[in-house]
Each structure stands twice: as structure tokens, then as C-alpha cells.
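Novice: So that we are looking at the same thing, I have put the structure below in C-alpha cells.
Nothing in this text is a laboratory measurement; each read-out follows from the coordinates by a stated rule. Everything numeric in this text was worked out from a predicted model, so none of it was measured. Cβ atoms come from the backbone with ideal geometry, glycine included; neighbour counts cover every protein chain shown.
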């Protein structure tokens, strides 16, 4: 099984464990390049990958300026859903799209677990 | 393909690398390399589309020539591509006179990925004396 297949399995498992709360998920390099995507067809995964990596870059910069340590995650809460980015290692991250009203606490736990698995695969 | 209008009747398409570096360096410092690499990828993709080379699966020799023409002295003057070698889908590209590592790498990723219809990523293997060796390979 290739690394991509293993990552795809982790992403599929995350979606399965989260019921319909997770509407899309992608593993992305810190350079913004998508490793594996399970985003819906109407989403441009390449752009989302670049945005997710940039979000982590900006979040790290803000944390550094404020001297509050390294960020564990970045979450955008919008009126029609949520978007969560979690670093999976120094070189990769997990981008998760959630539906409005999703159980954020549960998805965070599942997403952290998935990020940890991706870290070990890479 | 992005429609970029250049309304500069006197100055034309070119500007100083110094201006580019202020924009690039600050964006990269504030937001990380992804934003610059992505901009380069878009440019590389659009360039190949404009050249009609999408999915053309050309040899590395042909790609080298086309990209050097498009990006070098007679093109946009982004950089000079000194050599390009392909082995098992992995491209080793030596570049000189580049303004920025991340942007140039993004252009190569976008261009080679679009020519080969393969999702690519890249890394800097070495950099010294104004010469950089990139490895562009499938994800």
C-alpha cells in the first residue's frame, strides 16, 4: 500500500467516524500542495490546500508575535459551516471542512487522531 | 487562465526584482511559503496552457527548451533554466538567476505538473553560487 493509499484510508476513517459532520477533508503539505483530498467536487482542493497552509503560516506568525507558543489548530467559524486546520507534522497538515452545527468537540478529537496517524505515515 | 491586464504604456511588463523581493519576502514572512508557491504554480499552469502544452507529455529536453524560452532572456526573465533531467517521473532542474526560491519552484511544479498531467510537489536539493537544484516529483 502506498503512502497516499494509507493517508486516504485515514481520511476515509475520519469521515466515517464523524458521521455527516465532516463534509470534506484533505491532507496537505506545508507548501500548500494537496497530498490526498476527500473534498467535495464543488470545492477546488488545490486552492483549499494553499489557503490551509497559509492559514497555518499566518497563525504561527501571530502566535510568535504574541509569544503564546506554537498553535495547535486554526478554526474558522462561518455562518454556513466551519473550517479547521491542524498541523500533522512539521511538513504537513490536515484541513477539515465541517457542516454548520457540527459537533466540533468530537470532530476535533477525531481530527487530532487522524493528524497523528498521518504524521506517522509521513 | 488568469486574465492579467497590464495597463503600463510607458513602463511595459517589466519591473525591478527589488520590488518583487519586497512583495515576496514580506508575504512569505507573514504567511509562510505556501502563498508564494501557489502563486508560482498558477503562473506555471497558465504558462503551459498559453503555450498549448497541457498534457503533452514532452521529453525533458523539449520541456527544458520551451520553459527556458518562456521564462528566460527572451521570455518573462524569471530565471535561466540551466538543465533538466527526468528519471522515473522525477525531474531534476538546475536554475540560475532566480529572484526567489519558492516562487521559481512553484512555477516549475505548475508547469511540469500541467505538461505531465500529474500532481507534483518539489524541494530544493541544493543552492550555492547563485545556482539552485530543484527536485520536482509526483506527490
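Novice: Rounded if a/c is under 1.5, else prolate if a/b is larger than b/c, else oblate: which is the stretch B:46-95, with a ≥ b ≥ c the root eigenvalues of its Cα gyration tensor?
Specialist: oblate
Novice: To continue, here is another question. So what's the back-of-envelope 222 nm ellipticity for chain A, counting only DSSP H runs of four-plus at -39500 (n - 2.57) apiece and dividing by all residues, rounded to 500?
Specialist: Counting only the DSSP helices, I get -15500 deg cm²/dmol.
Novice: While we're looking at this one, here's another question. Per residue of B:108-117, what is the mean number of Cβ atoms on other protein chains within 10 angstrom of that residue's Cβ?
Specialist: 0
Novice: Given the DSSP H assignment, sum -39500 (n - 2.57) over each helix run of at least 4 residues in chain B and divide by its residue total; what's the result at 222 nm in deg cm²/dmol, nearest 500?
Specialist: -14000 deg cm²/dmol
Novice: Give me the distance between the Cα centres of the stretch B:71-127 and the stretch A:60-104, rounded to whole Å.
Specialist: 31
Novice: Right, another one. Between rounded, prolate and oblate, where does the stretch A:3-121 land on the alpha carbon gyration tensor, with a ≥ b ≥ c its root eigenvalues, rounded for a/c under 1.5, else prolate if a/b exceeds b/c?
Specialist: rounded
Novice: Also: Taking the Cβ-Cβ separation of residue A:77 and residue B:5 as r and a Förster radius of 35 Å, what is the calculated FRET efficiency to the nearest 0.05?
Specialist: According to the calculation, E is roughly 0.45.
Novice: If I take every Cα pair under 8 Å that is 6 or more residues apart in the stretch B:1-131, average their sequence separation and divide by the length, what percent do I get for the relative contact order?
Specialist: 29
Novice: Please work out the Cα center distance from the stretch B:1-59 to the stretch A:24-41, rounded to the nearest Å.
Specialist: With the stretch B:1-59 and the stretch A:24-41 each reduced to a Cα centre, they are spaced 22 Å.
Novice: Next up: Could you state, as a whole-number percent, how many of the C-alpha pairs of the protein assembly as shown are farther apart than 28 Å?
Specialist: When every Cα pair of the protein assembly as shown is considered, 39 percent fall beyond 28 Å.
Novice: To continue, here is another question. By its C-alpha gyration tensor, with a ≥ b ≥ c as the square roots of the eigenvalues, how is the stretch B:33-138 shaped: rounded for a/c under 1.5, else prolate for a/b larger than b/c, else oblate?
Specialist: rounded
Novice: Below 8 Å between Cα atoms, with a sequence gap of 6+, how large is the relative contact order for the stretch B:79-127 in percent?
Specialist: 26
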